[in-house]
Amino acid sequence: QVQLVESGGGLVQAGGSLRLSCATLGVVFSVGTTGWFRQAPGKEREFVASVTWSEDWIHNTYYGDSVKGRFTISRDNVKSTAYLQMNNLNPEDTAQYYCALGPLKSAREGFVWLRDANDYDYWGQGTQVTVSS
């Protein structure tokens with residue numbers, strides 16, 4: 001049984017940083033896409049970042065417009081753990097953050113960017129990030 005476990009959320013002041021972790025337990029996948037999404041109260045779930053990977057390789061990273069230049073997604077394939085380094089946080093980043101695991105899809109032009117939550121098969125329970133002004 002696949003389980004995604006997030007950690008690293010918390011309360012931070014504006015301008016601060018946090019690093020979220022997402023460990024994949026139960027099954028070792030050789031390829032995939034790991035994504036981070038967030039949802040604030042009263043708002044729709046928003047794509048934050050994703051990374052495509054296979055065994056020893058990290059292929060591509062993608063970011064939502066609101067976090068580009070501030071957040072960095074990475075994955076340690078040996079530990080089956082993904083990370084989201086969040087810098088220069090602002091109150092608009094306050095949300096429940098979820099990691100998700102989906103397939104590695106390829107097309108003629110390369111690997112497919114999975115931005116829709118429906119593209120992912122497994123989800124973590126979420127971790128709260130609160131940024132105070």
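The convex hull defined by the C-alpha atoms of the range 1-67 has an orientation-averaged projected area of 6.0 nm². Neighbours of residue 85, meaning other residues whose beta-carbon lies under 10 angstrom from its beta-carbon, give a summed charge of +2 when Lys and Arg score +1 and Asp and Glu score -1. Taking all protein chains as shown and a probe of 1.4 angstrom, residue 104 keeps an accessible surface of around 40 Å².
For the options 122, 98, 83, a Gaussian network treatment of the chain with springs between C-alpha atoms closer than 10 Å singles out 122 as fluctuating the most. How big is the accessible area of residue 52 in square angstrom, nearest 10, if you roll a 1.4 angstrom probe over the protein chains? Approximately 0 Å² of residue 52 is accessible to the 1.4 Å probe. Between residue 28 and residue 133, the simple label model (points 7 Å from Cα in the Cβ direction) yields a spacing of 4.9 nm.
Based on alpha-carbon atoms, the Kirkwood radius and the radius of gyration of the range 86-125 give Rg/Rh equal to 1.10. Note on the chain: Cα-only Rg and Dmax are 14.1, 45 Å. What's the whole-number percent of alpha carbon pairs in the range 52-129 lying beyond 20 angstrom? Tail of the P(r) past 20 Å holds 37 percent of the pairs.
Per-residue extension of 0.36 nm, minus the Cα-Cα distance of residue 107 and residue 2, leaves a gain of 35.2 nm for this segment. Partner lysines whose Cα lies under 27 Å from the Cα of residue 79, excluding those fewer than 8 positions away in the same chain, are identified as 68, 105. Per-atom-type breakdown for the chain gives carbon and sulfur 47% of the accessible area (1.4 Å probe, protein chains only).
Divided by 2.2 N^0.38 Å, where N counts the residues, the Cα radius of gyration of the range 55-99 comes to 1.29.
Taking every alpha-carbon pair under 8 Å whose residues sit at least 6 apart, the range 2-56 reaches a relative contact order of 29 percent.
The values are calculated or read from the model by the stated rules, or taken from the named source; none is laboratory data. All of these numbers come straight from a predicted model, not from anything done at the bench. Cβ: placed from backbone, ideal geometry, glycine included. Neighbour counts: every protein chain shown. Ligands, DNA and RNA are excluded from the accessible area calculation, which covers all protein heavy atoms including side chains. Shrake-Rupley method; radii C 1.70, N 1.55, O 1.52, S 1.80 Å.
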